[in-house]
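For reference, the structure discussed in these notes is given below.
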Amino acid sequence: MVTTVGLVVNPAAGRDIRRLTGGASVSNNYAKRRTAGCVLTGLTLCDDVEVLVMPDNAGLADRIVDDAPSDIDVSLLEMPVSASARDSRNAAEHFESNADAVVVLGGDGTTRDVAQTIGDVPVVSISTGTNNVVPTPIDGTVAGEAAGLVASSVVPADEATIRHGTIEVEVEKETGTSEITGLATVGILDRAFVGTRAILDPDDIVGGVVSRASPAEIGLSGIAGGLVTHRPDDPGGVGFRLDREDSAGTLVRGITVPGTLSEVHVADYELLDDGAPYTFEIPRGVVSVDGEREHEVRNGVVTLRPVADGPRLVEITSVLERATREGYFRD
């Protein structure tokens with residue numbers, strides 16, 4: 001029986017302004033192609049694996065297919081290309097019913113886009129973006145091995161994945177109600193308009209809700225992680241508001257932007273149950289989703305709810321250790 005693995009490589013990931021203004025890492029398309037090649041090599045660990053690669057308008061997917069190892073069947077997924085986040089969602093929608101696992105190369109935004117339509121298919125997410133919280137900075141060969149082991153059911157998916165939380169956002173304005181979904185973080189910023197999508201100034205942050213919190217992470221989840229830790233598969237999340245007027249409240253130090261250690265004052269925070277609302281009344285502001293400004297709000301109410309219905313993320317190290325215990329690597 002042939003095992004199918006989907007491969008999503010976002011050519012636009014990892015190109016924002018934080019490479020110029022801070023210490024964000026660089027991942028150009030050459031690096032992504034090399035990482036994707038390593039993923040394909042890792043997948044050769046398992047027999048009878050075919051790979052479908054999401055096409056793009058930069059020619060990246062074509063090069064990945066052309067350079068693929070000869071002992072694995074790699075081809076382009078047949079789908080229209082829009083050169084937008086819609087491509088990742090459309091590819092994931094196809095993989096939801098036609099793939100046994102999916103490998104994603106991108107940042108938090110790419111992983112979120114895939115998560116919206118991937119259903120219960122196990123996802124291996126490799127960091128090639130900026131300010132990442134969810135994707136793992138790991139060698140592509142290692143990630144490919146793990147993806148193959150789970151896709152081939154050598155390691156059962158139920159024992160190899162965690163269910164990552166998400167954040168549902170409802171924005172009520174005079175013009176109507178809109179809904180947004182975040183994966184790791186949703187923030188409220190004191191900004192008049194979206195402008196540059198990256199969050200550059202921690203003084204803009206009003207507050208937010210995160211589905212995970214750790215001092216080892218960057219951005220809103222790092223701020224919350226200075227108060228309490230919350231695993232990505234723990235139910236609920238953490239909501240917090242900053243004191244931006246007189247610098248009262250709890251002083252928290254965190255990495256708000258790559259290369260920037262900031263001090264912020266937290267007026268209040270709350271551990272939220274699954275589905276519990278956390279509300280902001282906004283005369284003027286911008287909603288950020290997973291580290292990027294997304295939605296302008298004027299005289300509106302934004303309600304954030306952490307929900308335990310996110311993607312099934314593969315725990316790469318656990319998968320490989322399980323395979324070792326069962327003797328899979330020994331001949």
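Structural remarks
- Candidate set from the range 216-233 (those that are open to solvent by 70 Å² or more (accessible area, probe 1.4 Å) and modelled with pLDDT of 95 or more); member that is nearest to Asp274 (Cα to Cα): Arg231
- Residue tally, condition modelled with pLDDT of 95 or more, open to solvent by 60 Å² or more (accessible area, probe 1.4 Å) and either in a loop (DSSP other than H, G, I, E, B) or of a type in the set (A, V, I, L, M, F, W, C) (or both), over the range 234-255: 1
- The criterion of being open to solvent by less than 10 Å² (accessible area, probe 1.4 Å) and modelled with pLDDT of 95 or more holds for Ile64.
- Count of the range 299-331 residues, restricted to those that are out of contact with any Asp or Glu (no Cβ under 8 Å at 6 or more places or on another chain) and part of a strand (DSSP E or B), is 2.
- Residue pairs whose Cβ atoms lie under 6 Å apart, separated by 6 or more positions or on different chains, with the first residue in the range 149-163 and hydrophobic (A, V, I, L, M, F, W, C) and the second surrounded by 15 or more Cβ atoms within 10 Å (Cβ to Cβ) and assigned to a strand (DSSP E or B), are Val150/Ala101; Val150/Val314; Ala151/Thr3; Ala151/Val5; Ala151/Ala101; Ala160/Val314; Ile162/Leu313.
- The criterion of at least 3 residues that are more than 21 Å from Thr317 (Cβ to Cβ) is met by the following strands (runs of 3 or more DSSP E) wholly inside the range 100-217: 166-173, 176-182, 185-189, 205-210.
Matching residues to (1) open to solvent by less than 10 Å² (accessible area, probe 1.4 Å); (2) more than 11 Å from the chain's Cα centre (by Cα); (3) charged (D, E, K, R):
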position: Gly109; (1), (2), (3): no, no, no
position: Ile118; (1), (2), (3): yes, yes, no
position: Val124; (1), (2), (3): yes, no, no
position: Asn132; (1), (2), (3): no, no, no
position: Ala146; (1), (2), (3): yes, yes, no
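- Taking the range 258-276 as the range and being out of contact with any Leu (no Cβ under 7 Å at 6 or more places or on another chain) and open to solvent by 20 Å² or more (accessible area, probe 1.4 Å) as the test, the residues that pass are Gly259, Thr260, Leu261, Asp268, Glu270, Leu271, Asp273, Asp274, Gly275, Ala276.
- Any hit, the range 153-171, residues being closer than 23 Å to Val301 by Cβ and of a type in the set (Asp, Glu): yes
- The residue of the range 56-88 that is nearest to the chain's Cα centre (by Cα), among those that are among the hydroxyl-bearing types (Ser, Thr, Tyr) and more than 21 Å from Val39 (Cα to Cα), is Ser84.
- The range 69-78, subset of a type in the set (A, V, I, L, M) and open to solvent by less than 40 Å² (accessible area, probe 1.4 Å), residue nearest to Thr110 (Cα to Cα): Leu77
- Considering the range 283-296, and only residues there that are more than 19 Å from Arg112 (Cβ to Cβ) and touching an Asp or Glu at 6+ places or on another chain (Cβ under 9 Å), the residue that is least open to solvent (accessible area, probe 1.4 Å) turns out to be Gly285.
- Any hit, the range 88-99, residues being buried (at least 24 other Cβ atoms within 10 Å of the Cβ) and assigned to a loop (DSSP other than H, G, I, E, B): yes
- Residues that are in contact with a Leu (Cβ under 7 Å, 6 or more places away or on another chain) and more than 14 Å from Leu220 (Cβ to Cβ), drawn from the range 278-310: Gly285, Gly310
- Single unsatisfied condition, Leu320 versus (1) touching a strand residue (DSSP E or B) at 6+ places or on another chain (Cβ under 8 Å); (2) at pLDDT 95 or above; (3) under 30 Å from Gly148 (Cβ atoms); (4) open to solvent by 10 Å² or more (accessible area, probe 1.4 Å): (1)
- Pick from the range 275-298, criterion assigned to a strand (DSSP E or B) and of a type in the set (Asp, Glu), ranking: farthest from Ser127 (Cα to Cα): Glu281
The values are calculated or read from the model by the stated rules, or taken from the named source; none is laboratory data. Computed from a predicted model, the values in this text were never measured in an experiment. Positions of Cβ are generated from backbone atoms using ideal geometry, with glycine treated the same way; all protein chains shown enter the neighbour counts. Surface areas here come from the heavy atoms of the whole protein model, side chains and all, with no ligands, DNA or RNA. Shrake-Rupley method; radii C 1.70, N 1.55, O 1.52, S 1.80 Å.
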